[in-house]
Amino acid sequence: MAVTQVAAHSAPEAAKNRPSQRARARVLHIITGLSTGGAERSLYNLLVHDSYREHYESAVISLRDEGTFGRLIKAKDLPLQALDIRGPWPSPRSLRALWQAGRAFRPQIIQGWMYHGNLAASVLTALLPGLSPAAAWNVMHCLHDLPGEKASTRWALRIGRTLSPMVDALIYNGHASREQHEAFGFAPRSGHVIPSGFDPAAFRPAADEGASMRRRLHIPGDALVIGHVARYHPIKDHANFLRAAVRLGNTWPNATFLMVGRGTDGRNAALQEHIPSRMRKRFRLLGERADVPHLLQMMDVFCQSSRSEAFPNALGEAMASGVPCVATDVGDTSAMLAGTGIAVPASDDEALTKGLSAMLKLSPCERQRLGRAARQRVIERFEMDTVAHHYHQLYSRVLADRETRPNRWTGPQGKGS
């Protein structure tokens, strides 16, 4: 359940000795959970970035458990509390724990992540009238199929639409996401687009390391490796990828297909049923891995098959790694690629097959050229330095406004806690 308790002065001694420590503003991040996913990675990347840590003292609350990224956050000596909320409704005990954590940390900004984390951020803002913290939301989702969303997600969306006018900053990680949510009724006044950020030093081309990874996975050096990185979830449309891969495998005998992500291992019968027995040896179902940067380095082509995305992190990581990409045209995918890869319609395995085949027909030099262009686009537009700077600019404006505005939840700013 609760792990490291969130407190106002719980930073490690080394951090306390930083020259900029006194000036750092306190930001409490509340996220639905910390399992492997794009929002969770985006939060972690921001928390550990040097320029962000220079300006902000952070703590994290996970409404669920620690997950994959909770352990990484704790390893960076950042305060973390997991409330272990099991269902869609918080208990009185978890609400009290949320309030106690907020009162102890005394945040100046409460930053929510994902729908339920955003609602919790607003609830905690209302529970701390004396502190009058600013409330910020981070929406990292698109509304391609609203009827197909879980009931709890639809509930959170409706409540979010009602509360959104009272939020100080509403951050979207893509322009398509902002447009869809504002069309749904989210307040446009406080909307901002800040894309996810990537570290080109962590995700980079490395032919030698890629070759070494191929040997470990017993993949021939002359094989054409088509990779797919995504947790097993309906919106990732793994079936779309597998149908295209099987078709491609019939015409490209040296093609090998790599699938990485939570739930994509050999125990997943739903994946196995799409793969003919004669092709099983050409598919590597690896499941969740911690060495994704090295796996990307061995790929000739990266494939995104999703039917819904906002700003796909896996695509950005592949681009940063210099891998040419074929991706479904959802969310901000086309804007990310900007001609450095191939975009195809979603939920169309024939179009995905044609896109992958077109990429494989290019010479190795042509694919490398596209990969270099994709990496350069990430460096120019989506590098973590740039993204952290955008957060700093936005938080600075929010904090300046906080000094003069009344509390949106309780009226004029009060005193005490």
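Data overview
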| read-out | value |
| --- | --- |
| Per residue, the convex hull volume that the Cα atoms of the chain enclose (Å³) | 140 Å³ |
| Mean Cβ neighbour count within 10 Å, used as a protection proxy, ranking 210-216, 223-229, 123-129, 105-111 highest first | 105-111, 223-229, 123-129, 210-216 |
| Relative compactness, region 243-315, computed as alpha-carbon Rg over 2.2 N^0.38 Å | 1.13 |
| In nm, spacing of pseudo-spin labels at Arg158 and Ser277 (7 Å Cα→C-beta vector) | 5.0 nm |
| Region 56-134 - percent relative contact order, Cα under 8 Å, separation 6 or more | 24 percent |
| Contact order normalised by residue count of the chain, Cα under 8 Å, 6+ apart, percent | 16 percent |
| Average projection area in nm² (convex hull over Cα atoms of region 247-378, one quarter of hull surface) | 7.7 nm² |
| By average C-beta atoms within 10 angstrom, highest first, the peptides 239-245, 51-57, 271-277 | 239-245, 51-57, 271-277 |
| Crossing angle, helix 238-251 versus the chain [Cα axis fit, 0-90 degrees, rounded to tens] | 20 degrees |
| Relative contact order %, region 187-313, counting alpha carbon pairs below 8 Å whose residues are six or more apart | 36 percent |
| Rounded tilt (10° steps) of 384-402 against the dominant C-alpha axis of the chain | 20 degrees |
| Three-way shape label, region 314-385, alpha-carbon gyration tensor, a/c 1.5 | oblate |
| Region 344-405 shape via C-alpha gyration tensor axes, a/c threshold 1.5 | oblate |
| Computed E for Lys361/Ser334 - FRET, C-beta separation, R0 35 angstrom, nearest 0.05 | 0.95 |
| Euclidean distance between Cα centres, region 41-87 to region 209-231, Å | 32 Å |
| Alpha carbon Rg of region 135-213, scaled by the compact-globule rule 2.2 N^0.38 Å | 1.50 |
| Magnitude of the charge dipole, the chain, Cβ model with Lys/Arg +1 and Asp/Glu -1, debye to 20 | 680 debye |
| Chain lengthening between Asp145 and His390 when straightened (0.36 nm per residue, less Cα-Cα) | 85.2 nm |
| Estimated Rh, region 138-285: Kirkwood, alpha-carbon pairs, angstrom | 18.6 Å |
| Simple spin-label estimate for Glu403 and Ala290 in nanometres, 7 Å along Cα-Cβ | 4.4 nm |
| Gap separating the Cα centres of region 173-194 and region 325-363, nearest whole Å | 25 Å |
| Residue-span extension gain [Arg216 to Ala270] - 0.36 nm each, minus C-alpha spacing | 16.8 nm |
| Ordering of 337-349, 278-290, 311-323 by packing [mean C-beta count within 10 Å, highest first] | 311-323, 337-349, 278-290 |
| Region 23-127 shape via C-alpha gyration tensor axes, a/c threshold 1.5 | oblate |
| Shape box of region 53-102 [Cα atoms, principal axes, largest first, Å] | 35, 23, 13 |
| Top positive-direction residue, dipole computed over the chain with Cβ charges, set Ala211, Ser334, Pro107 | Pro107 |
| Largest-first principal axis extents, alpha carbons of region 74-172, Å | 40, 30, 28 |
| Helical contribution to [θ] at 222 nm, DSSP H n ≥ 4, -39,500 (n - 2.57), averaged over the chain, rounded to 500 | -12500 deg cm²/dmol |
| Listed residues Ala202, Leu124, Asn313: farthest to the positive end of the dipole of the chain (Cβ charges) | Leu124 |
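Bear in mind these aren't lab numbers, they're just calculated from the coordinates by the rules spelled out. In this text, all values refer to a predicted model and were calculated from it rather than measured experimentally. Every residue, glycine among them, receives a Cβ derived from its backbone with ideal geometry; neighbour counts consider all protein chains shown.
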